[in-house]
Each structure stands twice: as C-alpha cells, then as structure tokens.
Amino acid sequence: MNIKRIHHVAYRCRDAKETVEFYTRVLNMEFQIAFAENQVPSTKEPDPYMHVFLDAGMGNVLAFFELPTRDPMGRDDNTPKWVQHIAFEVEDYAALVAAKEHIVSEGLDVIGPVNHGIFQSIYFFDPNGHRLELVANTQTAAQIEELKRVAPAMLEEWSRTKRAPQHAAWLHELEFTGTAP
C-alpha cells in the first residue's frame, strides 16, 4: 500500500452554514462542496446530515458534519482542551503575526505566538469549540535531522518511564527573534 495523502479529515459542527462562514471569513478557506443525505451511505441508518468540505490548501480538505437529529455535540471530558486540535501551516512568521491580528480583529481570543523551538504557533477556537493552531515553521535542516535521530530513543524512554525524556530539551532553550535561527 502506498498512501498518497490525507483525502480529508472530518469533524462535527453545530451549524454547517456558520462553520463554513467562519472558515471562509477567518481562515480564507474556499467552500468547495456539500453533501446532504437522509440516510448514512455506509451503514444505511436513517440519520440526516449536511457534510461540507473546505479547501485547507495544497490539496488538503477539512470537512464537517452537521447532525440535526443527534444530541448536542460535546467533547471528550477526559482529554484536556489543548490536546485535540487542528493545525494549519502558514507561510512564515510574518504571516503568523498578520493572521493573529486578523483573527483578533474578528473578536476571537488568541494565545501566542508560542515558541516550540522549531516552529511558532498561535491558538484559538472555532464556533464549534474545536481548537485551531496556526504554525510558522522556523526550523533548520540540522534541527530536524537531530530530532529524527533522537526520536526512537525518546519514545523508548517515554514508554518505560512515562516521564519527558531530555533528548530534545534544547528546543526550549532556543530564543526566537522573528526569523528562523
């Protein structure tokens, strides 16, 4: 098997129209297509839905389902809100800062930029409660090479101890100046 790419990822939304308007207005995504059915094609169960698809850039598609006959959507209360999120890459740090200004102008609360050593991020929530992240890569090839080199040892140590290995602690020691180091 040779996986080419992710075709789409799908999440639930409270209101398909509101969700499409948010993603087109706030993140400049193009609304591509919509499907609506009264029966689920794969299971044949009666369950009306609206399924909308948005262009997330470079062939990536973000999709949402509105399910009007189901209980209101919730979240996994055993998982912190910061864990499950959708991350989108922007061109560079300047684009990240400009995106933050735009998102704040839309009346949304934004955290960041946060320095992750090899990228900078901002965080905010969509109208459905999904946490979103915008990322500007700032890494060097040498940093990525080193992270790949230590990844197996980090995973093995984590598996044994359930404590953060220090193989990549240098990531948190890097100072970011607005351009890639």
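The values are calculated or read from the model by the stated rules, or taken from the named source; none is laboratory data. Here the structure is a predicted model, which means the values were calculated and not measured. Positions of Cβ are backbone-derived with ideal geometry, glycine not excepted, and every protein chain shown enters the neighbour counts.
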For the range 31-80, enumerate the residues that are under 17 Å from G129 (Cα atoms) and among the acidic types (D, E).
-> E66, D71, D76, D77
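Would it be correct to say that A168 is of a type outside the set (D, E, K, R), surrounded by 12 or more Cβ atoms within 10 Å (Cβ to Cβ), modelled with pLDDT of 95 or more and not assigned by TED's automatic domain parsing to the domain that holds V26?
Details: of a type outside the set (D, E, K, R): yes; surrounded by 12 or more Cβ atoms within 10 Å (Cβ to Cβ): yes; modelled with pLDDT of 95 or more: no; not assigned by TED's automatic domain parsing to the domain that holds V26: yes.
Considered against the rule, which asks whether it is of a type outside the set (D, E, K, R), surrounded by 12 or more Cβ atoms within 10 Å (Cβ to Cβ), modelled with pLDDT of 95 or more and not assigned by TED's automatic domain parsing to the domain that holds V26, A168 comes out as no.
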Quick check: is even one residue across the range 64-79 touching a helix residue (DSSP H, G or I) at 6+ places or on another chain (Cβ under 9 Å), under 30 Å from P46 (Cα atoms) and either of a type in the set (A, V, I, L, M, F, W, C) or modelled with pLDDT under 95 (or both)?
-> yes
Qualifying positions in the range 106-140 - out of contact with any strand residue (DSSP E or B) (no Cβ under 6 Å at 6 or more places or on another chain) and assigned to a strand (DSSP E or B) | N115
Regarding I33, is this residue modelled with pLDDT of 95 or more, of a type outside the set (S, T, Y) and outside the structural domain of S105 (by TED's automatic domain parsing)?
-> yes
By residue number, the members of the range 1-19 that are of a type in the set (V, I, T) and closer than 20 Å to T69 by Cβ are T19
Tell me, which strands (runs of 3 or more DSSP E) wholly within the range 1-97 include 1 or more residues that are among the basic types (K, R) and within 19 Å of the chain's Cα centre (by Cα)?
-> 9-13
Can you tell me how many residues in the range 28-72 are surrounded by 15 or more Cβ atoms within 10 Å (Cβ to Cβ) and of a type in the set (V, I, T)?
-> 2
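If the requirement is being over 25 Å from P165 (Cα atoms), touching a Pro at 6+ places or on another chain (Cβ under 8 Å) and not charged (D, E, K, R), which of these qualifies: L132, L108, L96?
Among L132, L108, L96, only L96 is over 25 Å from P165 (Cα atoms), touching a Pro at 6+ places or on another chain (Cβ under 8 Å) and not charged (D, E, K, R).
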